[in-house]
Amino acid sequence: MSLDADWRAGLDAVDARLIDEYQSGFPVTERPFDAVAADLAAETGADLTGADVLDRVRDLRERGVFRRFGAVLNPPVIGSSTLAAVRAPEDRFEAVAEAINAHPQVNHNYRRDHEWNMWFVVTAASREKRDAIIDDIETETGCEVLVLPMLTDYYIDLEFPVVNGDRFARESLSETAVSATRISEEARGDLTPLEAALLLEIQDGFPLSETPYRDVAAAVDDALGADGTAGVRDVLAAVERLRADGCIKRIGCVVNHVVTGFQNNCMVVWDVPDDELDARGEAVGSLPYVTLCYHRPRRPDQDWPYNLFTMIHGREAEAVDAKVDELAADHLPFDHERLYSTETLKQTGARYEDLLPGGS
């Protein structure tokens, strides 16, 4: 969809609620669209069936408003994930990006306006596999890799209303809830075969059908083979367990923020005194316009002194800049750098092909 087009054209009150209210909280039940139809009918007075809601989700997916429908997984909890960066020479930039993106475990890659100009995420089922991929990238590209695993999650949530005229994310909200969560670099070792097969099956989203969990159960049952069986009740129970454990962050319709106008984002890195880090991180994470806030390690040997990362998304570059100014003036009076995203090089879900025994 063209960013010049009015992506809201043709949307009604039901579509608006579906987009803004069902980025999470989609029912974990055999026929979830029926339950959503009942809720939307009560809210809007529209005569809706589950099939009607499914058709709307399909249409919004085809229009690009939704990236996908399904579970948003939590890479640092499921496996071993890290943010990484390279200083790609401009005359080899495309070749370096192609080499990095060729790894299926690289699920995000962006050009940013900085000396470290290419930023990507590597996620694997084990730290050993993750680090081996980084070693391969250094060999293949000839570029030193800056490795910055998440150490503390203060606030990470790209769920925010978009059917509005907000200049920056959550402009109309006053506060968000935060907590400091320490992150291990080690992968979970206690997934059951069913849970591992389930995560592999849903990593790209759920089927767009009236019975997505039943369809997932059939695929998982085939994948398990001699390792067990899976019915729809088993899958529903496993989804609930994985959500309670934090492996699944939310279930719903994943919005394409670029198509909906939030194409400006800035990653701001801060040099915060270590003894103030948690207090500052929690305070800043509670600000509604801060969409991501987390602690990553300093790398003094690579001239990287920053330990707190924040992200702000907006429709207007000037509005994003103004909120960064506000952060620096009112909340984080420390040295910082602004790394603006200027090009999306790759954007997919995290990949976990090596979760199961024998996986690559």
The lone condition Val162 fails out of (1) over 23 Å from Glu337 (Cβ atoms); (2) open to solvent by 10 Å² or more (accessible area, probe 1.4 Å); (3) touching a strand residue (DSSP E or B) at 6+ places or on another chain (Cβ under 8 Å); (4) in a loop (DSSP other than H, G, I, E, B) is (2)
Please state which of the following conditions Ala46 fails to meet, knowing it meets all the rest: (1) part of a helix (DSSP H, G or I); (2) more than 30 Å from Tyr294 (Cα to Cα). (1)
Does at least one position in region 185-197 carry a residue that is touching a helix residue (DSSP H, G or I) at 6+ places or on another chain (Cβ under 8 Å), in a loop (DSSP other than H, G, I, E, B), at pLDDT below 90 and surrounded by 22 or more Cβ atoms within 10 Å (Cβ to Cβ)? yes
Residues of region 38-53 being exposed (fewer than 15 other Cβ atoms within 10 Å of the Cβ) and touching a Phe, Trp or Tyr at 6+ places or on another chain (Cβ under 9 Å), in sequence order, are Thr49, Ala51
Among the residues of region 114-130 satisfying the criterion of being at pLDDT 95 or above and either of a type in the set (Ser, Thr, Tyr) or farther than 24 Å from Val254 by Cα (or both), which is farthest from the chain's Cα centre (by Cα)? Glu115
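What are the residues in region 61-89 that are free of Cβ contacts under 8 Å to residues at least 60 places away in the same chain, within 18 Å of Lys346 (Cα to Cα) and surrounded by fewer than 19 Cβ atoms within 10 Å (Cβ to Cβ), if any? Step through it out loud before you land on a result.
Quick first cut of region 61-89, residues free of Cβ contacts under 8 Å to residues at least 60 places away in the same chain only: 62, 87-89.
Now drop any that are not within 18 Å of Lys346 (Cα to Cα), which leaves 87-88.
Across region 61-89, the qualifying residue is only Arg87.
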For region 254-311, name all the residues that are in contact with a Leu (Cβ under 8 Å, 6 or more places away or on another chain), open to solvent by less than 50 Å² (accessible area, probe 1.4 Å) and of a type in the set (S, T, N, Q). Thr291, Gln302, Asn307, Thr310
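Look through Pro333, Pro305 and report the one residue that is under 29 Å from Val77 (Cβ atoms) and out of contact with any strand residue (DSSP E or B) (no Cβ under 6 Å at 6 or more places or on another chain).
Criteria check complete, one pass: Pro305.
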Could you tell me whether any residue of region 19-33 is within 16 Å of Pro207 (Cβ to Cβ), charged (D, E, K, R), over 23 Å from the mean Cα position of the chain (by Cα) and open to solvent by 50 Å² or more (accessible area, probe 1.4 Å)? yes
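The values are calculated or read from the model by the stated rules, or taken from the named source; none is laboratory data. These numbers come from a predicted model, not from an experiment. With ideal geometry, Cβ positions are generated from the backbone for all residues, glycine too; neighbour counts draw on all protein chains shown. To get the accessible areas, we keep the full protein, side chains included, count just its heavy atoms, and leave off ligands, DNA and RNA. Shrake-Rupley method; radii C 1.70, N 1.55, O 1.52, S 1.80 Å.
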